[in-house]
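Derivation of every value follows stated rules applied to the coordinates shown; laboratory data play no part. Everything numeric in this text was worked out from a predicted model, so none of it was measured. All Cβ positions, glycine included, derive from the backbone under ideal geometry; neighbour counts span all protein chains shown.
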Amino acid sequence: SQHKNISLITSTNAINILKNKDIFEINIRNSLILTADIVIIANANDAQQFSQTAHMKTQAVRGQVSLLSTTDVSQKLKMIVCSDGYISPAVNHQHCLGATFSTEERDLDMSKLSLNKADHLSNLKTLKTISEPLHRSLHDNITGGRVSFRCTTSDYLPLVGELLDAATLKSTPPRPTAQTASLPWIKGLYMNVAHGSKGFTSAPLCAELLACLICNEALPIASELAGLLNPNRFLLREMGLKRLAKTLACAQN
């Protein structure tokens, strides 16, 4: 495949994405830091902070995991046990137990996130469902934890593919029977976000999907599935373009 200069954006920090002819210019506080032929936005809920993606609809879901010190009983655990939640084998004499799933918290400032007792108790309740012997052994052994936000969508599928120019699309709505190549693509601008609780499974496959889209190679999944991941699908559905929302994944050459 032809070599391309690709930039992967995983944070915002006052970053702006501008396109000058066929080249993207990445600016921080109005200072040019790099240029690229291809840009991939991969910064979870912060993806909505770019002008090209401000219309995107993702949801932040708070999750807390609990760390528990081992006991003689729990040290016998040699594999991850997973049901409604999970518990890991001991690493450095600690188990990882998780994870809560809450959409109630609205402040996404990571510096303000803190562990709370209610989520620890929720994790312990899950552990009792997974294994009562482990629960009896570990319920008083919480030593800490970690809390963060997942990024998800209302249909629980990631947003993966090339982006459309939302302003142009709205100002000149296409017909429902329009060909995908005729739509106002921002050619070279892609995103890969909203993997929710399944990122270890979906992110590698979606990265391969993006690579194939960018390099015009055969897709690693069915085209129908790639269409379901279309990052423009919610915008197109709102405009009554359900067929296009289901079928397109990127500009067709």
*asked:* Counting only Cα atoms, I'd like the Rg/Rh figure for region 39-100, Kirkwood definition for Rh.
replied: 1.25
*Roughly how many Å is it from the Cα centre of region 173-206 to that of region 45-120, as a whole number?*
27 Å
*In whole Å and largest first, what semi-axes does the C-alpha gyration tensor of region 120-253 yield when each eigenvalue is scaled by 5 and square-rooted?*
41, 16, 12
*Check each of the GluC sites (Glu not before Pro) in region 162-217 and keep only those in coil by DSSP with at most 15 other C-beta atoms within 10 angstrom; list them in order.*
E217
*Mean projection of the alpha-carbon convex hull of the chain over all orientations, in nm²?*
16.4 nm²
*Angle between the chain longest axis and helix 117-130 axis [Cα atoms, degrees, rounded to 10]*: 80 degrees
*Net dipole in debye of the chain [+1 Lys, Arg Cβ; -1 Asp, Glu Cβ; about Cα centre; nearest 20]*: 340 debye
_Between K246 and V81, how high is the FRET efficiency from 1/(1 + (r/R0)^6) when r is the Cβ-Cβ distance and R₀ = 41 Å? Nearest 0.05._
0.65
*Just from its helices, what would the mean residue ellipticity at 222 nm be for the chain, if runs of 4 or more DSSP H residues each count -39500 (n - 2.57) and the sum is divided by every residue, rounded to the nearest 500 deg cm²/dmol?*
-7000 deg cm²/dmol
*A218-T143 pseudo-label distance in nm [points 7 Å out on the Cα-to-Cβ vector]*: 5.0 nm
*Report, to the nearest 10°, how far helix 199-215 tilts away from the longest principal axis of the Cα atoms in the chain, using its own Cα long axis and a range of 0 to 90°.*
20 degrees
*In debye, nearest 20: dipole of region 86-223 around its Cα centre with unit charges on the Cβ of K, R (+) and D, E (-)?*
200 debye
*Subtracting the Cα-Cα distance from 0.36 nm times the residue separation, let me have the gained length for K21 to T168 in nm, one decimal.*
51.2 nm
*Among T58, N27, T71 - extreme Cα towards positive end, dipole of region 21-86, charges at beta-carbon*: T71
